[in-house]
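One structure is given here, and the rest of the page talks about it.
The values are calculated or read from the model by the stated rules, or taken from the named source; none is laboratory data. Bear in mind that the values here come from a model prediction, so they are computed numbers and not experimental data. Cβ: placed from backbone, ideal geometry, glycine included. Neighbour counts: every protein chain shown.
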Amino acid sequence: MRKFFIVTVALILGLCMVSHLFAVSQAAVLFLMISPGARAAGMGEAFVAVADDATAAYWNPAGLAFQNGREITLMHANWLPQLVSDMYYDFLAYRQHFESLGGTLGGNVTYLSMGEQVHMDEHGTELGTFNSWDLAVTLSYATKLSEKVGFGLSARYIHSHLAPIGAGTEKGKGIADGFALDIGILYRDLLIRGLSFGANLSNMGPKITYIDAAQADPLPTNLKVGLAYKLIDMEYNRLMLAVDTNKLLVVRRGEKAEEFYQALFSAWTDDKADKLISSIGLEYVYNNMIFLRCGYYYDEDGKVKYPAFGAGLQYAQFRFDFAYVAAEQGHPLSDTMRFSLTIGI
């Protein structure tokens, strides 16, 4: 009898990531909640009402509606270095405006490597090794509904490769496929000049199944809303304040999880209806060349509270961004650094 490899890998992913993402999340493929882009990370992940670069497909696809030209963003991060040495996260995004389509197309690829796992029998004898990883490919489209309002949609294919074998006596594999949809809106200059409102409902889709339908788990459907305000908006100096709030829309009744379209409503009335996660961030820009950022991530339910810091440097069409999470010593996210490169084409 084999050991429970899928459970082991799932626990690794869950314990490593849920502590950061959502306190007691009961969803699958939580890698979808890892935020891309060192710029947003340096602002404490408050970005839904900003969403003004190629990473907008993740934060708020409606942000693509206000972007012209072409841009590409690449990011790499050694994930949770305090716990493991071979887990890493990669992200690649591209967006381009098309006059003929009346809007902007965007796409991105997300990859999380969970490293090498050891396959052992019930006696503890090593039978070999395998790699665990997750992948998502997203395509987005956004258009302006008016000069101030943008609307965006994303479609996402998900592949999760936890283990090539079943757990225990199960005949299946720890491999699953799924798909999801996002919908977003961005309202700029709301009520006053410089104030933006953004909302993104992400990862709406059917449950993901590894072994059989009875064991299917929901996707991490999430509602993110936020505001951004340009405190200073001058030629050489800009200062922006952003605030986000997240609500995970996943509900379980006993061992069974509700479908996403049911949880969209019932998540507001269950015993965790008041569990929200908030972020606040600042970005200062000098001469569109030097960027300084700071933020704070606050999850009371999950006891995850940490400041974040970031910086960026723009030269011609290249922007290099760096972010550092200053979690307390011993926290899985302690010393997590993110690097990203954005190129205007």
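Looking at segment 240-254, is at least one residue surrounded by fewer than 18 Cβ atoms within 10 Å (Cβ to Cβ), under 30 Å from Ala326 (Cα atoms), out of contact with any Gly (no Cβ under 9 Å at 6 or more places or on another chain) and not hydroxyl-bearing (Ser, Thr, Tyr)?
Within segment 240-254, none of the residues are surrounded by fewer than 18 Cβ atoms within 10 Å (Cβ to Cβ), under 30 Å from Ala326 (Cα atoms), out of contact with any Gly (no Cβ under 9 Å at 6 or more places or on another chain) and not hydroxyl-bearing (Ser, Thr, Tyr).
Do we have any residue at all in segment 267-279 that's surrounded by fewer than 19 Cβ atoms within 10 Å (Cβ to Cβ), assigned to a strand (DSSP E or B) and of a type in the set (Lys, Arg)?
No, segment 267-279 contains no residue that is surrounded by fewer than 19 Cβ atoms within 10 Å (Cβ to Cβ), assigned to a strand (DSSP E or B) and of a type in the set (Lys, Arg).
For segment 73-88, give me the residue count where each residue is buried (at least 16 other Cβ atoms within 10 Å of the Cβ), over 13 Å from Leu112 (Cα atoms) and among the hydrophobic types (A, V, I, L, M, F, W, C).
1
So which pairs qualify, if the first residue must be in segment 142-160 and within 11 Å of Ala180 (Cα to Cα), the second must be at pLDDT 95 or above and surrounded by fewer than 14 Cβ atoms within 10 Å (Cβ to Cβ), the Cβ gap must be under 6 Å, and the two must be at least 6 apart or on different chains?
As it stands, the answer is none, since no pair meets every condition given.
At pLDDT 95 or above and buried (at least 18 other Cβ atoms within 10 Å of the Cβ): does that describe Leu195?
Taking the combined requirement at face value, the residue does not satisfy it.
Return the pair list, or none, for Cβ contacts closer than 6 Å from residues in segment 57-74 that are under 23 Å from Asn222 (Cα atoms) to residues that are assigned to a helix (DSSP H, G or I), at least 6 apart or on different chains.
Between residues of segment 57-74 that are under 23 Å from Asn222 (Cα atoms) and residues that are assigned to a helix (DSSP H, G or I), the close pairs are Gly63/Ala56; Leu64/Ala56.
Mind checking which helices (runs of 4 or more DSSP H) fall wholly inside segment 1-109 and carry at least 2 residues that are touching a helix residue (DSSP H, G or I) at 6+ places or on another chain (Cβ under 7 Å) and at pLDDT 85 or above?
Correct list: 56-59.
Look through segment 255-266, keep the residues that are in contact (Cβ under 8 Å) with a residue 24 or more places away in the chain and part of a loop (DSSP other than H, G, I, E, B), and return whichever of them is surrounded by the most Cβ atoms within 10 Å (Cβ to Cβ).
Glu258
In the set Leu186, Leu227, Leu223, Leu239, which member is more than 19 Å from Gly152 (Cβ to Cβ) and either touching an Asp or Glu at 6+ places or on another chain (Cβ under 6 Å) or outside any loop (DSSP other than H, G, I, E, B) (or both)?
Just one listed residue meets the conditions, Leu239.
Condition first: within 22 Å of Met204 (Cβ to Cβ), of a type in the set (A, V, I, L, M) and within 12 Å of the chain's Cα centre (by Cα). Now tell me which residues in segment 27-53 satisfy that.
Val29, Leu30, Leu32, Met33, Ile34, Ala40, Val48
I want to confirm something. Restricting to segment 92-109 and keeping residues that are buried (at least 16 other Cβ atoms within 10 Å of the Cβ) and touching a Leu at 6+ places or on another chain (Cβ under 7 Å), which single residue is nearest to Phe322 (Cα to Cα)?
Step by step, filter segment 92-109, then rank; the result is Leu92.
Return the total of residues in segment 131-140 being more than 18 Å from the chain's Cα centre (by Cα) and touching a residue at least 60 places away in the same chain (Cβ under 8 Å).
Final tally of qualifying residues: 1.
Can you tell me which residue within segment 57-70, out of those that are surrounded by fewer than 24 Cβ atoms within 10 Å (Cβ to Cβ) and of a type outside the set (S, T, N, Q), is nearest to Gly226 (Cα to Cα)?
Phe66
Considering only residues of segment 198-239 that are among the β-branched types (Val, Ile, Thr) and more than 22 Å from the chain's Cα centre (by Cα), which is surrounded by the fewest Cβ atoms within 10 Å (Cβ to Cβ)?
Ile232
Which condition from (1) modelled with pLDDT of 90 or more; (2) crowded, with 19+ Cβ neighbours inside 10 Å; (3) touching a helix residue (DSSP H, G or I) at 6+ places or on another chain (Cβ under 9 Å); (4) not charged (D, E, K, R) is the one that Val285 breaks?
(3) is the only condition that Val285 fails.
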